[in-house]
Amino acid sequence: MALRSREKTVDLNDTPEQASYRQEVRGWLEQNKAQAPPRAGSYEDAAYVDKRRAWQRQLAQAGLAGVTWPKEFGGRGLGPIEQVTVNQEIAKAGVPGILDVIGIGMLGPCIIAHGTDQQKSRYLGPMLHGDEVWCQMFSEPAAGSDLAAVQTRARQNENGTWTLNGQKVWTTNAQFASFGLLLARTDADVPKHKGLTMFIVPMDGAGVVVRGLRQISGEAEFNEVFFDDVVLDEDAVVGGVGNGWGTALTVLMFERLTIGFGSTEFGSPDRLAATIAADPAARVDPELRRRLGDIITDLLAVRFNGYRALTALSRGQIPGPEAGLAKVTMVNAAIAGTDLGADVLGPDALDADSPWSYLISFLPGLKSAGGTEQILRNTIGERVLGLPPEPRLDKGVPFSELRAKEKEAVAR
């Protein structure tokens, strides 16, 4: 996947170096895939999670985890094209990838960019090898997509430590995570974007309570997390006190890239086409064929938008807000794909053994992951298309004053 521009054409074939690397990855997977755990399993099953940790450790030792991480932190120091190559070959081999996608894909890069040398030395190695899984704690019951409105508070004590109180929600992997990266308000008297700080929180700390949120799929993949006078060390701060907003944006850019970049397996055009072709009535239905064409077109657009992002990344550019466009398109196309599959199969799509059943119940939740669709569309309109910003009544109003007005409104 060279992405070499030649006048008006783009060469998507591997260069000789990339082809050699692909063969290296493919060869290792062929030799070791018998040791891999199943791709699917319950994250409430401690034995399955342990197997996934062990498999991630094998991938890391082979250089197939953290491919783009700098070598000094255990990565391969390679580019995004090599990371995509690894992802492609893992999918072809039919084995699971890393367990800690959130840590390695989003939080690790944030610590690499904003963390202290001590934080990098302490946390990145165990994260990479699956010894310590991480979770991301941004969303709150009253501040899901409006990230700057978080209410979890951290107050600094005279000895330099911090006391944390509040609640987070929709936290993936919190039930077995060792650490979480958390955004908290540390100054309520400045504009809300400026009073935030990022913290590393031990998930087994005194005062931390994790409760699973059971979904329609039957799994409790997400959690709500409560903090009751949780004491954090002074060196738990990432990126500096009051700089949480900028630090969080780094995580969000990598989050949207992780969710939206080339994730066509959720929509699975091949599975869709095969499902329609297997039904004599469906394969001659012009409306179903039109819907299939629309879905595949959107998924192809995600793929080629991903190639554009790859080009930018290979030039050393940081993922921008355009990554949100891929996320919105991919999720909507994937949901449309499961709707189409369900229309063809009928109630059989919900059978426990059906490959459609889990996706039908899981995918709608992705509309909120990484920011709701409405928030992402605003971001795309303003920061990608250059459209005028949506009017905001709270713009320029100090956070403390805004909260006072909200409380007055509730009291009335």
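The values are calculated or read from the model by the stated rules, or taken from the named source; none is laboratory data. Quick caveat: nothing in here was measured; it's all calculated off a predicted structure. Virtual Cβ from ideal backbone geometry, glycine too; neighbours counted across all protein chains shown. These accessible areas exclude ligands, DNA and RNA; they are computed on the full protein's heavy atoms, side chains included. Shrake-Rupley method; radii C 1.70, N 1.55, O 1.52, S 1.80 Å.
For semi-axes √(5λ) of the Cα gyration tensor in Å, which listed value, (1) 41, 25, 22; (2) 37, 22, 20; (3) 35, 27, 23, comes from the coordinates shown? Recomputing semi-axes √(5λ) of the Cα gyration tensor in Å here picks out (3). For the chain, the longest principal axis of the C-alpha atoms and the axis of helix 244-260 are separated by about 10°. Peptides 279-285, 113-119, 339-345 ranked from most to least packed give 339-345, 113-119, 279-285, packing being the mean of other C-beta atoms within 10 angstrom over each peptide's residues.
Peptides 40-46, 133-139 ranked from most to least packed give 133-139, 40-46, packing being the mean of other C-beta atoms within 10 angstrom over each peptide's residues. What the Cβ-Cβ distance of ALA281 and ALA206 gives, at R0 = 41 Å and to the nearest 0.05, is a FRET efficiency of 0.10. Convex hull volume of the Cα atoms of segment 183-256, normalised per residue: 131 Å³.
Mean separation of Cα pairs under 8 Å and 6 or more residues apart, divided by the residue count, gives segment 84-151 a relative contact order of 25 percent.
At an R0 of 35 angstrom, the distance between the Cβ atoms of GLN118 and ARG39 translates into a FRET efficiency of 0.45.
Given their separation in residues at 0.36 nm each and the Cα-Cα distance between them, ARG26 and ASP146 gain 39.0 nm when the chain is fully extended.
In percent, rounded to a whole number, the relative contact order of the chain is 12, using alpha-carbon pairs under 8 Å and six or more apart. Spin-label model, LEU213 to VAL384: label points 7 Å out along the Cα-to-beta-carbon direction sit 2.5 nm apart.
Which residues in segment 34-69 place their backbone N less than 18 Å from a point set 7 Å from the Cα of ASP131 along the Cα-to-Cβ direction? Only 50-66 pass the distance filter.
A 1.4 Å probe over all protein chains sorts LYS327, LYS51 by accessible area into LYS51, LYS327, starting with the largest. Working from Cα pairs under 8 Å separated by at least six residues, relative contact order for segment 117-263 is 23 percent.
Pick from GLY324, GLY239, GLY77: which residue has the top mean-square fluctuation in a GNM of the chain where Cα pairs under 10 Å get a spring? Of GLY324, GLY239, GLY77, the Gaussian network model singles out GLY77 as fluctuating most. When DSSP beta bridges are restricted to pairs lying wholly in segment 129-237, around 85% turn out antiparallel. Taken over segment 86-183, the convex hull of the Cα atoms encloses 143 Å³ per residue. Between helix 80-93 and the chain there is an angle of about 60 degrees, using the helix long axis and the longest principal axis of the Cα atoms. Within the accessible surface of the chain, defined with a 1.4 Å probe on protein heavy atoms only, the carbon and sulfur portion equals 53 percent. Computed from Cα atoms, the angle from the helix 16-32 axis to the main principal axis of the chain rounds to 90 degrees. In this structure, PHE304 and SER354 have a Cβ-Cβ separation that, at R0 = 25 Å, corresponds to a calculated FRET efficiency of about 0.25.
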